[in-house]
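The values are calculated or read from the model by the stated rules, or taken from the named source; none is laboratory data. Being a predicted model, the structure only gives us computed values, none of them experimental. Cβ: placed from backbone, ideal geometry, glycine included. Neighbour counts: every protein chain shown. Accessible surface is based on the protein model in full, side chains and every heavy atom, while ligands, DNA and RNA are left aside. Shrake-Rupley method; radii C 1.70, N 1.55, O 1.52, S 1.80 Å.
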Amino acid sequence: MSEVRPEDSAQPAATPVLTAKQAKRANATVTGMLIALGLTIAIFLPIFFLNPASKSEVYERNIDVPGTASQAAATAGYEPLALGLPEPWRANYARWSTGGTGAVPAWEVGYLTPKGQHIALTQTDKANPTWIAQTTDNAPITSDRQAGGESWELRDRGEDRKHLVLEQNGFTVILSGGADLDEFDTLGTAVVEELAQSEPAEK
(Lines give C-alpha, C1' and ligand atoms only; values in the text may rest on other atoms or scores of the structure.)
Protein backbone atom coordinates (compact mmCIF):
# COMPACT_ATOMS: atom_id res chain seq x y z
CA MET A 1 0.00 0.00 0.00
CA SER A 2 1.39 3.36 -1.00
CA GLU A 3 1.90 5.96 1.70
CA VAL A 4 -0.40 8.97 1.62
CA ARG A 5 1.59 12.09 2.30
CA PRO A 6 -0.07 15.17 3.88
CA GLU A 7 0.78 17.37 0.94
CA ASP A 8 -1.06 14.96 -1.39
CA SER A 9 -4.31 15.39 0.57
CA ALA A 10 -4.15 19.23 0.84
CA GLN A 11 -6.71 21.04 -1.30
CA PRO A 12 -6.06 24.49 -2.77
CA ALA A 13 -7.92 27.27 -0.98
CA ALA A 14 -11.01 28.38 -2.79
CA THR A 15 -10.92 31.95 -4.07
CA PRO A 16 -14.27 33.74 -3.64
CA VAL A 17 -15.60 35.08 -6.89
CA LEU A 18 -17.96 38.09 -6.89
CA THR A 19 -20.73 38.16 -9.39
CA ALA A 20 -21.09 41.23 -11.57
CA LYS A 21 -23.97 42.48 -9.42
CA GLN A 22 -22.03 41.99 -6.20
CA ALA A 23 -19.00 43.80 -7.60
CA LYS A 24 -21.22 46.66 -8.76
CA ARG A 25 -22.80 46.94 -5.31
CA ALA A 26 -19.36 46.94 -3.63
CA ASN A 27 -18.09 49.64 -5.96
CA ALA A 28 -21.24 51.69 -5.37
CA THR A 29 -20.71 51.50 -1.60
CA VAL A 30 -17.10 52.69 -1.85
CA THR A 31 -18.10 55.45 -4.26
CA GLY A 32 -20.87 56.57 -1.92
CA MET A 33 -18.49 56.74 1.02
CA LEU A 34 -16.02 58.82 -1.00
CA ILE A 35 -18.78 61.20 -2.11
CA ALA A 36 -20.03 61.57 1.48
CA LEU A 37 -16.49 62.26 2.70
CA GLY A 38 -15.98 64.85 -0.04
CA LEU A 39 -19.24 66.60 0.85
CA THR A 40 -18.30 66.68 4.54
CA ILE A 41 -14.94 68.26 3.74
CA ALA A 42 -16.59 70.74 1.36
CA ILE A 43 -19.00 71.84 4.11
CA PHE A 44 -16.36 71.99 6.83
CA LEU A 45 -13.64 73.96 5.02
CA PRO A 46 -15.61 77.20 4.50
CA ILE A 47 -16.67 77.17 8.16
CA PHE A 48 -13.07 76.56 9.23
CA PHE A 49 -11.67 79.43 7.18
CA LEU A 50 -14.50 81.86 7.94
CA ASN A 51 -14.48 81.23 11.68
CA PRO A 52 -12.33 83.97 13.32
CA ALA A 53 -11.44 81.65 16.20
CA SER A 54 -9.62 79.38 13.75
CA LYS A 55 -7.05 82.05 12.84
CA SER A 56 -4.04 82.57 15.03
CA GLU A 57 -3.89 86.27 14.25
CA VAL A 58 -7.18 86.82 16.11
CA TYR A 59 -5.37 86.40 19.42
CA GLU A 60 -2.90 89.06 18.34
CA ARG A 61 -5.39 91.56 16.93
CA ASN A 62 -5.18 95.17 18.06
CA ILE A 63 -8.49 96.40 19.50
CA ASP A 64 -9.63 100.03 19.56
CA VAL A 65 -9.82 100.28 23.35
CA PRO A 66 -10.74 104.01 23.53
CA GLY A 67 -13.59 103.52 21.06
CA THR A 68 -14.93 100.48 22.89
CA ALA A 69 -14.56 102.26 26.25
CA SER A 70 -16.61 105.23 24.97
CA GLN A 71 -19.37 102.86 23.92
CA ALA A 72 -19.34 101.15 27.33
CA ALA A 73 -19.33 104.42 29.33
CA ALA A 74 -23.10 104.93 29.26
CA THR A 75 -23.71 101.44 30.65
CA ALA A 76 -20.84 101.58 33.13
CA GLY A 77 -21.73 104.98 34.54
CA TYR A 78 -18.09 106.06 34.32
CA GLU A 79 -15.34 106.36 31.72
CA PRO A 80 -13.61 102.94 31.60
CA LEU A 81 -9.83 102.89 31.48
CA ALA A 82 -8.39 103.20 27.98
CA LEU A 83 -4.65 103.22 28.56
CA GLY A 84 -2.25 104.91 26.18
CA LEU A 85 0.47 102.30 25.92
CA PRO A 86 3.38 102.49 23.45
CA GLU A 87 4.17 99.89 20.82
CA PRO A 88 4.54 96.97 20.93
CA TRP A 89 1.86 96.84 23.65
CA ARG A 90 -1.45 95.80 22.12
CA ALA A 91 -4.96 94.94 23.25
CA ASN A 92 -6.61 91.77 22.02
CA TYR A 93 -10.01 92.31 23.64
CA ALA A 94 -12.01 95.06 25.35
CA ARG A 95 -15.53 94.52 26.68
CA TRP A 96 -18.10 95.45 29.27
CA SER A 97 -19.14 92.47 31.40
CA THR A 98 -22.47 92.62 33.20
CA GLY A 99 -21.25 89.89 35.52
CA GLY A 100 -24.59 88.07 35.35
CA THR A 101 -27.34 88.10 37.95
CA GLY A 102 -26.11 89.29 41.32
CA ALA A 103 -22.51 89.52 40.11
CA VAL A 104 -20.21 92.53 39.78
CA PRO A 105 -20.26 94.39 36.44
CA ALA A 106 -16.78 95.27 35.23
CA TRP A 107 -14.70 96.65 32.37
CA GLU A 108 -12.27 94.08 30.97
CA VAL A 109 -9.29 94.57 28.64
CA GLY A 110 -6.64 92.06 27.61
CA TYR A 111 -3.13 93.32 26.86
CA LEU A 112 -0.32 91.61 24.98
CA THR A 113 3.02 92.66 26.44
CA PRO A 114 6.27 93.38 24.58
CA LYS A 115 7.64 90.05 25.88
CA GLY A 116 4.74 88.15 24.35
CA GLN A 117 2.84 87.60 27.60
CA HIS A 118 -0.75 88.49 28.52
CA ILE A 119 -2.14 90.68 31.30
CA ALA A 120 -5.87 91.07 31.88
CA LEU A 121 -7.15 94.37 33.29
CA THR A 122 -10.43 94.40 35.22
CA GLN A 123 -12.00 97.61 36.54
CA THR A 124 -15.16 98.11 38.58
CA ASP A 125 -16.72 100.58 41.00
CA LYS A 126 -18.73 97.86 42.75
CA ALA A 127 -16.06 95.54 44.11
CA ASN A 128 -16.48 93.46 47.24
CA PRO A 129 -14.08 91.09 49.03
CA THR A 130 -15.71 87.98 47.54
CA TRP A 131 -15.46 89.30 44.01
CA ILE A 132 -11.84 90.35 44.49
CA ALA A 133 -10.96 86.91 45.83
CA GLN A 134 -12.66 85.18 42.91
CA THR A 135 -11.08 87.47 40.32
CA THR A 136 -7.64 86.83 41.78
CA ASP A 137 -8.12 83.03 41.85
CA ASN A 138 -8.23 83.17 45.68
CA ALA A 139 -4.49 83.83 45.65
CA PRO A 140 -3.06 85.06 48.98
CA ILE A 141 -1.66 88.55 49.46
CA THR A 142 2.10 88.07 49.45
CA SER A 143 3.34 91.67 49.53
CA ASP A 144 2.82 95.26 48.41
CA ARG A 145 4.30 96.49 45.15
CA GLN A 146 4.86 100.05 44.01
CA ALA A 147 3.68 101.00 40.54
CA GLY A 148 2.96 104.54 39.41
CA GLY A 149 3.63 105.87 42.89
CA GLU A 150 0.80 103.80 44.40
CA SER A 151 0.93 100.69 46.54
CA TRP A 152 -0.70 97.66 44.91
CA GLU A 153 -1.50 94.36 46.60
CA LEU A 154 0.49 91.53 45.05
CA ARG A 155 -1.44 88.27 45.17
CA ASP A 156 0.52 85.23 44.09
CA ARG A 157 0.25 81.46 44.54
CA GLY A 158 3.83 80.96 43.41
CA GLU A 159 2.61 79.76 40.01
CA ASP A 160 2.73 81.48 36.63
CA ARG A 161 -0.39 83.61 37.17
CA LYS A 162 -0.23 86.55 39.57
CA HIS A 163 -2.35 89.59 40.37
CA LEU A 164 -1.94 93.25 41.31
CA VAL A 165 -4.89 94.91 43.05
CA LEU A 166 -5.38 98.66 43.46
CA GLU A 167 -8.24 100.62 45.04
CA GLN A 168 -8.22 104.28 44.05
CA ASN A 169 -10.79 107.03 43.38
CA GLY A 170 -13.62 104.64 44.23
CA PHE A 171 -12.47 102.08 41.65
CA THR A 172 -10.90 98.66 42.05
CA VAL A 173 -8.47 97.65 39.32
CA ILE A 174 -7.04 94.14 39.07
CA LEU A 175 -4.20 93.14 36.76
CA SER A 176 -3.86 89.39 36.22
CA GLY A 177 -1.52 87.29 34.10
CA GLY A 178 1.71 85.42 33.67
CA ALA A 179 3.92 88.32 32.60
CA ASP A 180 7.02 89.48 34.43
CA LEU A 181 6.47 91.94 37.26
CA ASP A 182 8.28 94.72 35.41
CA GLU A 183 5.57 94.52 32.73
CA PHE A 184 2.92 94.59 35.45
CA ASP A 185 4.63 97.74 36.73
CA THR A 186 4.40 99.38 33.30
CA LEU A 187 0.70 98.62 33.02
CA GLY A 188 0.09 99.59 36.65
CA THR A 189 1.79 102.95 36.11
CA ALA A 190 -0.45 103.67 33.13
CA VAL A 191 -3.50 102.76 35.24
CA VAL A 192 -2.52 105.13 38.05
CA GLU A 193 -1.86 107.99 35.63
CA GLU A 194 -5.24 107.61 33.96
CA LEU A 195 -7.16 107.15 37.21
CA ALA A 196 -5.61 110.39 38.48
CA GLN A 197 -7.25 112.18 35.56
CA SER A 198 -10.64 110.49 35.85
CA GLU A 199 -13.69 111.47 37.87
CA PRO A 200 -13.99 109.57 41.18
CA ALA A 201 -16.59 106.82 41.14
CA GLU A 202 -19.89 107.67 42.80
CA LYS A 203 -20.77 105.36 45.66
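Structural remarks
- Among the residues here, Ala82 does not qualify as assigned to a strand (DSSP E or B), under 13 Å from Leu187 (Cα atoms) and open to solvent by less than 50 Å² (accessible area, probe 1.4 Å).
- Of all residues in region 96-107 being among the hydrophobic types (A, V, I, L, M, F, W, C) and in a strand (DSSP E or B), the one that is farthest from Thr186 (Cα to Cα): Trp96
- Close pairs (8 angstrom Cβ cut-off, 6 or more residues apart or separate chains): touching a residue at least 60 places away in the same chain (Cβ under 8 Å) and surrounded by fewer than 19 Cβ atoms within 10 Å (Cβ to Cβ) in region 103-125, outside any strand (DSSP E or B) and small (Gly, Ala, Ser) anywhere: Lys115/Ala179; Gln117/Gly178; Gln117/Ala179; His118/Gly178; His118/Ala179
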